[in-house]
Amino acid sequence: MTEDTYGNLISSLAMDNDKRIVLLVMDGVGDCDNGGKGTALQQAKTPNMDTLAKNSALGLHVPVAAAVTPGSGPGHLGLFGYDPLIYQVGRGVLSALGVEFAITDRDVAARLNFCTIDAAGKVTDRRAGRIGDDVNKACLAKVREKLQLPAGVEVFFETESEHRAVMVLRGDGLDDNIGDTDPQHTGVEPLRADRPPHNESRTALMVADIFDQIRAILSDEPKANMVLGRGFAKVPSWPTFAQRWKLNPAAVAGYPMYRGVARLVGMDVVSQPTSAADICAEAVKAMADHTFVFAHFKYTDKTGEDGDLPAKIARIEEMDAALPTLLNGKPDVLIITGDHSTPPSLKAHSWHPVPLLMAAPHLRGGDGPTFDEVACRAGQIGTIPAREIIPLALAHAEKLEKFGA
């Protein structure tokens, strides 16, 4: 691992006090201008965020690096102050931790998507029509019953949600030199886990055989007749969030993936709400016993991936309506942002910088009048790497000592 010089410096300066920091992540909130109509944030009616913006610092953050489209894992690690170019982990570990799987150092985990393939073996739907959890569980039960296991290896399958699942291989000498099988497009066949340069990996050969078996086992399913694997990984050994920043952290997150990335850095998952109102209420409760609260709202991302701009606008307005509950909890520092942008016009994550609001003491006035991408690009924070957000919050909460004599 490359040395994290900046992170180590901030960690050496961090000190404990009783001030509370809240990080509210509206997943995928960033957008494009939608053909001149404005971003979802610009079009949404957000009186509470706009009022807050008038007395807050605004800016933009770059989740990983300029022009790089981040996955959810790197996006959140950056927000937690872990440089995602240094601290890299596959999606499988995050998904396994998210469903509370007791992962060990003998394990290799992968995120699975149930998908639909046609008679020619080409993917027609990467999410199998977003099947329900009941279908997901039934398909995994069928796989567990019929799968022939590799010698000396255990294989576990767990439902995550909808079309998402987790696979974990457990055994001695396993590695994560395994190719993702999701082609990220329809109209093509799934990729092989053991394609070059992964063909030298014994574990990749095992995974390729497992997936061949799964295809045969699920061949009679109307929608979920195959799986796609992503993010094969072993669990890393990293300093915890509490160790790095001298904070007592809690996570309020409804979706398994985000609970997983929180647990990866040692956060306590204290609640699992999904609605904006419940997220804000549970975040306030968590502030009573924790000096840092990560609160996650999924639906701004989900509607973006669905290409549904009106729904994304509605979800932003839902969070705006719930925001007074969180403000009444009086966090000393409140950060509102996303882990990446998800423009409905792209139906996917994108490389665009993400809007950022910080309500805190010791600002140079407020930047408003609104909270959106255009207002944020002129704000006092500027455009910064995501990994600098936690250090900024620590500074404003008077949790950093002076550097040098």
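The table that follows gives values for the structure above.
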| item | result |
| --- | --- |
| Contacts under 7 angstrom Cβ, first residue in the range 361-386 being touching a residue at least 12 places away in the same chain (Cβ under 8 Å) and aromatic (Phe, Trp, Tyr), partner buried (at least 18 other Cβ atoms within 10 Å of the Cβ) and in a loop (DSSP other than H, G, I, E, B), 6 or more apart | Phe371/Thr46 |
| Filtered residues of the range 132-151 (kept if under 29 Å from Lys234 (Cβ atoms) and either outside the structural domain of Leu191 (by TED's automatic domain parsing) or touching a residue at least 60 places away in the same chain (Cβ under 8 Å) (or both)) | Asn136, Cys139, Lys142, Val143, Lys146, Leu147, Gln148, Pro150 |
| Within the range 375-405, tally of residues that are of a type in the set (A, V, I, L, M, F, W, C) and surrounded by fewer than 14 Cβ atoms within 10 Å (Cβ to Cβ) | 3 |
| The one condition in (1) aromatic (Phe, Trp, Tyr); (2) under 25 Å from Val29 (Cα atoms); (3) at pLDDT below 95 that Phe101 fails to fulfil | (2) |
| Tally, over the range 341-357, of residues that are under 20 Å from Ala53 (Cα atoms) and surrounded by 23 or more Cβ atoms within 10 Å (Cβ to Cβ) | 5 |
| Identity of the residue in the range 314-332, closer than 17 Å to Val252 by Cα and of a type in the set (A, V, I, L, M), that ends up surrounded by the fewest Cβ atoms within 10 Å (Cβ to Cβ) | Leu327 |
| Complete set of residues in the range 76-121 that are basic (Lys, Arg) and crowded, with 24+ Cβ neighbours inside 10 Å | Arg91, Arg111 |
| Restricting the range 149-168 to residues that are assigned to a loop (DSSP other than H, G, I, E, B) and hydrophobic (A, V, I, L, M, F, W, C), the residue that is surrounded by the fewest Cβ atoms within 10 Å (Cβ to Cβ) | Ala151 |
| Any hit, the range 306-317, residues being touching a Cys at 6+ places or on another chain (Cβ under 9 Å) and either closer than 26 Å to Asp18 by Cβ or of a type outside the set (Val, Ile, Thr) (or both) | no |
| Condition check for Ala395: of a type in the set (Gly, Ala, Ser) and either under 18 Å from Val25 (Cβ atoms) or within 18 Å of the chain's Cα centre (by Cα) (or both) | no |
| Test: residue in the range 281-288 that is touching a Leu at 6+ places or on another chain (Cβ under 9 Å) and not aliphatic (A, V, I, L, M) | no |
| Helices (runs of 4 or more DSSP H) wholly inside the range 277-380 containing at least 2 residues that are more than 29 Å from Ala65 (Cβ to Cβ) and in the same structural domain as Gly30 (by TED's automatic domain parsing) | 309-328 |
| Enumerated helices (runs of 4 or more DSSP H) restricted to the range 1-114, each holding at least 2 residues that are in contact (Cβ under 8 Å) with a residue 40 or more places away in the chain, over 28 Å from Thr291 (Cα atoms) and hydrophobic (A, V, I, L, M, F, W, C) | 40-43 |
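The values are calculated or read from the model by the stated rules, or taken from the named source; none is laboratory data. In this text, all values refer to a predicted model and were calculated from it rather than measured experimentally. Glycine also receives a Cβ, built like all others from the backbone with ideal geometry; neighbour counts cover every protein chain displayed.
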